[in-house]
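Below: one structure, written as structure tokens.
The values are calculated or read from the model by the stated rules, or taken from the named source; none is laboratory data. No experiment lies behind these values; they were computed from the predicted model shown. Don't worry about glycine lacking a Cβ; one is built from the backbone with ideal geometry, like all the others, and counts go over all protein chains shown. Calculation scope for accessible area: heavy atoms of the full protein, side chains included, ligands and nucleic acids excluded. Shrake-Rupley method; radii C 1.70, N 1.55, O 1.52, S 1.80 Å.
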Amino acid sequence: MASAARSDGGRPILVTGAGGLLGSEVVTSFRRAGRDVVAVERATLDITDAPSVSALFEDVRPGVVVNCAAYTQVDRAESEPEAAYAVNRDGAGSVARAAARCGARLIHISTDFVFDGRARRPYRPEDPTRPLGVYGASKHAGEEEVRRAGGAWAIVRTSWLYGRGGRNFVDRILERARTGEPLRVVADQRGRPTAAPGLADTLRALDDLGATGIWHVADGGEATWFELAREACRLAGLTPELTPVATGDWPAPAPRPPYSVLDLERTERALGRPFADWRSALEGYLASGADLVRGGRG
């Protein structure tokens, strides 16, 4: 796909949350493409500290900001709503306003949890939102802050993210499978698994297009958590005892949307290509760390 003319004027890309699961991949993807990246981790920038955010933006003067900083502990958010809202709403607002003041285009990462999961077809970007729990509500509030901040912005919703930069479902399943313990995995929630490296590359492609508005990005196809676990174990050469269970048999503090498949049509049309199926993305992810998944350190 040919790149469109960039609107950053040669100014650097600022990536917040650069030490996280997605942020680390975003930094790698942009730098691989020869872009000038300023990577800030949580220890360097607390996005809930608005004066610090403003000072950093004034110093860096970015042309594009990719906000990967987020509170992502879905269950813990139910008992820590203030912490979730501080990062996902207030922090997102601080980043969005600072980006608008310095004329930077913002790419803000959001989630499928802004939907209630009651749809019978994949969720489109324009569909009404109705989050079920604190995490989803705090991310939805962050989207609203981004909209209100002004400037140029793109909100990118994704789902079921896994990658090397942090704890995630795929790695946890494989760690437990290697011990030989029986595994019970929820089989009545359906979504789109998404590998972080591919998502990062798509964010870069959307930046090349100067994309604004709301976008859905995930790997192709759909799965339940049980199907994802089974395929990950198969690809890793592991044969644990896997039992499918219902959500009600796996009590958790936070409610989950039973169906959170994101409609990718608008994004695929803009990129001029379909997204690869989640199984091939998972295979690539595991192959990139084969020494880890086949019995080494997790």
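Name the single residue that is surrounded by the most Cβ atoms within 10 Å (Cβ to Cβ) among those in segment 230-248 being in a helix (DSSP H, G or I) and hydrophobic (A, V, I, L, M, F, W, C). Spell out the reasoning first.
To start, the set of residues in segment 230-248 that are in a helix (DSSP H, G or I) comprises 230-235, 247-248.
Going one step further and asking which of them are hydrophobic (A, V, I, L, M, F, W, C), we end up with 232-233, 235.
Working: 232: 24, 233: 21, 235: 20.
Here the residue is 232.
Can you tell me which condition residue 5 does not meet? The list is (1) in a loop (DSSP other than H, G, I, E, B); (2) at pLDDT 95 or above, and all the others hold.
Failed condition: (2).
Quick grid of which residues meet (1) β-branched (Val, Ile, Thr); (2) over 16 Å from the mean Cα position of the chain (by Cα); (3) on the phi < 0 side of the Ramachandran plot; (4) not in a helix (DSSP H, G or I):
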| residue | (1), (2), (3), (4) |
| --- | --- |
| 14 | no, yes, yes, yes |
| 39 | no, yes, yes, yes |
| 52 | no, yes, yes, no |
| 58 | no, yes, yes, no |
| 82 | no, yes, yes, no |
| 87 | yes, no, yes, no |
| 90 | no, yes, yes, no |
| 97 | no, yes, yes, no |
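Would you please name the residue that is most open to solvent (accessible area, probe 1.4 Å), looking only at residues in segment 79-103 that are of a type outside the set (A, V, I, L, M, F, W, C), in contact with a Lys or Arg (Cβ under 9 Å, 6 or more places away or on another chain) and within 20 Å of residue 131 (Cβ to Cβ)?
My answer is 89.
Quick one: which residue in 171, 207, 188 is under 25 Å from residue 132 (Cβ atoms) and either free of Cβ contacts under 8 Å to residues at least 40 places away in the same chain or over 15 Å from the mean Cα position of the chain (by Cα) (or both)?
188
Of the residues that sit in segment 138-154 and are hydrophobic (A, V, I, L, M, F, W, C) and assigned to a helix (DSSP H, G or I), which one is farthest from residue 203 (Cα to Cα)?
We begin by selecting, within segment 138-154, every residue hydrophobic (A, V, I, L, M, F, W, C); these are 141, 146, 149, 152-154.
Those still in the list that are assigned to a helix (DSSP H, G or I) too: 141, 146.
On the way: 141: 22, 146: 17 Å.
Taking the candidates together, the pick is 141.
Just give me the residues in segment 157-184 being closer than 18 Å to residue 278 by Cα and either part of a strand (DSSP E or B) or touching a His at 6+ places or on another chain (Cβ under 7 Å) (or both), in sequence order.
157, 158, 161, 162
Mind listing just one residue for me: the one in segment 8-32 that is open to solvent by 30 Å² or more (accessible area, probe 1.4 Å) and within 20 Å of residue 61 (Cα to Cα) and, of those, modelled with the lowest pLDDT?
Applying the filter and picking the extreme gives 9.
Please state which one of 60, 74, 65 is closer than 17 Å to residue 11 by Cα, open to solvent by less than 30 Å² (accessible area, probe 1.4 Å) and in contact with a helix residue (DSSP H, G or I) (Cβ under 6 Å, 6 or more places away or on another chain).
On the way: 60 fails: in contact with a helix residue (DSSP H, G or I) (Cβ under 6 Å, 6 or more places away or on another chain); 74 fails: closer than 17 Å to residue 11 by Cα.
One residue alone meets the criteria, 65.
Any chance segment 207-219 includes a residue that's among the acidic types (Asp, Glu), assigned to a loop (DSSP other than H, G, I, E, B) and under 21 Å from residue 72 (Cα atoms)?
Within segment 207-219, the subset among the acidic types (Asp, Glu) is 207-208, 219.
With the extra rule that they be assigned to a loop (DSSP other than H, G, I, E, B), the set shrinks to 219.
Checking the rest, the ones that are also under 21 Å from residue 72 (Cα atoms) come to 219.
Scanning segment 207-219, I find at least one residue that is among the acidic types (Asp, Glu), assigned to a loop (DSSP other than H, G, I, E, B) and under 21 Å from residue 72 (Cα atoms), so the answer is yes.
Keeping to segment 72-126, report how many residues are touching a residue at least 60 places away in the same chain (Cβ under 8 Å) and of a type in the set (Asp, Glu).
5
Can you name the number of the only condition in (1) at pLDDT 95 or above; (2) surrounded by fewer than 17 Cβ atoms within 10 Å (Cβ to Cβ); (3) assigned to a loop (DSSP other than H, G, I, E, B) that residue 251 fails?
Residue 251 satisfies every listed condition except (1).
So the check is Cβ under 8 Å with 6+ separation or different chains; which pairs have a first residue in segment 270-298 that's within 13 Å of residue 174 (Cβ to Cβ) and open to solvent by 70 Å² or more (accessible area, probe 1.4 Å) and a second one that's outside any helix (DSSP H, G or I) and at pLDDT 95 or above?
294/236; 294/237
Scanning for something under 30 Å from residue 285 (Cα atoms), at pLDDT below 95 and open to solvent by 20 Å² or more (accessible area, probe 1.4 Å), does segment 156-165 turn up at least one residue?
Yes, some residue in segment 156-165 is under 30 Å from residue 285 (Cα atoms), at pLDDT below 95 and open to solvent by 20 Å² or more (accessible area, probe 1.4 Å).
Look at residue 198 and say whether it is modelled with pLDDT of 95 or more, open to solvent by 10 Å² or more (accessible area, probe 1.4 Å), closer than 27 Å to residue 63 by Cα and assigned to a loop (DSSP other than H, G, I, E, B). Please lay out each step first, then the result.
Values: modelled with pLDDT of 95 or more: yes; open to solvent by 10 Å² or more (accessible area, probe 1.4 Å): yes; closer than 27 Å to residue 63 by Cα: yes; assigned to a loop (DSSP other than H, G, I, E, B): no.
No, not satisfied.
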